[in-house]
Amino acid sequence: MATPPGDAPPLTAANNIQPFFVLHKAAAAAASSVPTSRARRRIDASLPSSPNPKSAKRSHDVDCEDEEDSALYERLRLEAFHRTWSKIQSTIDEVLRGINLKLFDQVLQWVQESFAAVRAIAEPCHSEVQQPYPLLTDVICTRIPTAFVLTKNAEFVDDITTFQDLAAHLQSNGCHLAKLSAAEFSVKHGVGGCFRSLLRQLLSDVPDVADVSALASWYCKAENYNQPIIVIIDDFEQCSGDVLGELVMMLSEWVIKIPVFFVMGIATTLDALKKLISSEALQRLEPCKLTLGSPSDRMNALVEAVLVKPCAGFSISHEVAMFLRNYFFRHDGTITSFISALKLACSKHFSVEPLSFLCMGMLEEDCEEFWHDNFESLPQAMQKYAFDLPSCTSAKNSSNSSNNMVQELSNLLKMQKDWSSVLLCLYEAGRHDKVQLLDIFCEAINPDLQTINAPNRDQFISKVNNENLSAVKSGSGQVYIAQAINAIRYLPMQTLLHVLEVWSIHLKGISEICGKVKELQSAKSSADSVVAKKEKWTRGSTGSTGNGTVPLNEKAAMLLQDVTRKCLVPVECLPFHEIICFKNVGILHSALIGNPRRMVQLDLLKSHGHLKCSCCSRSGTAVSGSLHDTSIICNLAQEYGDVFNLHDWYISFEGIINSTNSKAKRKPYRSPSKKKSKSTPEGEAMIQARFCRAVTEMQITGLLRMPSKRRPDLVQRIAFGP
């Protein structure tokens, strides 16, 4: 008989069983949550006597205020991170969508032309579509239009979002969409399972026997008839060739009745078709080759939108940029991994830097008011921390006021905009010599190459020419900037005029330099008579100066050199850059490359720091028995060398456990309901079981190697160091 709701028994530990993890084992003396009055008196007597109770209360209030401030600013940093990364992510999505939009329009145009060509051959009525036999048997009429999209990516992970956006773009323009993955073209499922998956994406009710007649009946409906069916296979090379060939042969017989077109992604070349499917199935395809933007183009666009232009107020240091660059080229070369690493760097910056929440001021309309109000509300300790930053102490600021900080941050924002404008001008010149934006970016943010007090830099760049550029690349850090400036000297007149036009757009915020660019553009009128000759200009003919082109090229190169010297100031050379710039490459390296075995060991050795309990931390350097068993034996293992005795290890563990139990026995807490409480030491069998379980956990995590048959009493450590 069920228990009435009103008489439901109270939840206790016996009837409220739930899965849990033991994070911390408190001392036995703290088992009673409601101590008696005698116990309260004993606790009060054990506290140190304070000569002034008000001062003790005041210190307690100060500690509470510090904890509240810490929680407040931690929440502000978390909100700042979410807002900053949301802005960065939306910028990334917009950039990638803009790059892919050209391809999407090409695919849509191909779909419309192919559908018109199929309908030009024959336009069957509804009854003819549902007939079980083919309408025409001509070879030309049984070829399925197929677009092969060359992605040129080393890994498929970068293409997932591209094909998802392509499907959404085609569907928004009226096409019927079915997206099949490579896993659905497996020998295990066969062509029947593959075709059933196609029907599930088109039909609301899939029949038990999935065949082409079901698809034909669905297509005959008025709302479905006048639009093609696009089947997207994003990773063609991972499909089973036999299953794909059978599907092609089956649908090719119905292509006039049911216009089904394929869009297939290929990472390598079209030669993969001949290796994957049979020649008979290959003859049933009418191929069309389309090419996606190269990974380098996408990387240049991302670097420009996210790292060069201050879209979210977050930046990275030279060391972090070099690490991300090497991680991109040496790890897997995918845009996805680069974005993930950048997000991790952003999250680490907001978790480590106490003043990082001020980055949100970069996104505000009135940034100075935002910075002034937030800095005024900071505690004295955080204000002192702000002016003790290395960039501020090296700059020798005279006043430590909020106005000074606001002025420096505003100057940092302006210098960042000028820096990005000049960097884009360098890239516009260097891309004609195959210079990548990521390479120039990594060089331009190097604080060792800062251009404010570098008088020898002009002499260095002016000496660079086509003959000694290879020597510069091998022996200097200013490789790509020098190569970009050097490329200006050899541009044809028409290309140079286009570069100057782009410069005038980038340098709108720097009126003085923008005026000089317009002066160079006006010099074009005096050279109109020789423009036709300049289009045939080659690098071999640049030694002649009689035709007047060299002075204009040289003037442009000298202007770019002068702008680079004045405005290309790395962010690490500016005061308060630590607020917006992530510099700790060690944290990023350990998080990405990782050393999980060492991190597990550090967490076990410093478990009290994560748990933040009082009973474990007050013991100092001694190992407390209130720690988790695995933490205890991990701390004890630090006292031994490479190989240590298992029995000695257990004796040390047993001593710590028994000492904790004896302390709990001497100071028991008494419950009001029980006049007597018995606390017996833990049995040896239980201690051995706890020891074995802890040792097994260390073995599973890879911190030690268990005893062998030759030496059954010795354990070998694998992980070393704190």
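Here are a few things to note about the model shown:
- The length gained by stretching the chain between L605 and C514 to full extension, at 0.36 nm per residue less their Cα-Cα distance, is 26.8 nm.
- Gain upon complete extension [L363, N403; 0.36 nm per residue less C-alpha separation]: 12.5 nm
- Per-pair calculated FRET efficiency, R0 = 35 Å: L76 and L290 via Cβ, rounded to 0.05: 0.15
- Distance violations [Cα-Cα > 32 Å] among K87/K518; K414/K606; K414/K518: K87/K518; K414/K606
- For the pair C692 and E123 in one chain, pulling the backbone fully straight at 0.36 nm per residue adds 197.1 nm over the alpha carbon distance.
- When the trypsin sites (Lys or Arg not before Pro) in the stretch 167-276 are filtered for DSSP coil states and for at most 11 other beta-carbon atoms within 10 Å of their beta-carbon, the remaining sites are K188, K221.
- Reported to the nearest whole Å, the Cα centre-to-centre distance from the stretch 68-121 to the stretch 156-228 is 24.
- Qualifying chymotrypsin sites (Phe, Trp or Tyr not before Pro) in the stretch 169-273, DSSP loop, other Cβ atoms within 10 Å at most 15: Y225
- Computed over the stretch 78-120, Cα set: Rg, Dmax in Å: 18.3, 60
- Kirkwood Rh (inverse of mean 1/r, distinct Cα pairs), the stretch 232-380, angstrom: 20.2 Å
- Reducing the stretch 629-657 and the stretch 301-353 to their Cα centroids gives an inter-centroid distance of 43 Å.
- Carbon and sulfur %, accessible surface of the stretch 243-371 computed with the full protein complex present, 1.4 Å: 50 percent
The values are calculated or read from the model by the stated rules, or taken from the named source; none is laboratory data. Everything quoted here is computed from the prediction, not taken from an experiment. Virtual Cβ from ideal backbone geometry, glycine too; neighbours counted across all protein chains shown. The accessibility values were calculated without ligands, DNA or RNA, using every heavy atom of the protein model including side chains. Shrake-Rupley method; radii C 1.70, N 1.55, O 1.52, S 1.80 Å.
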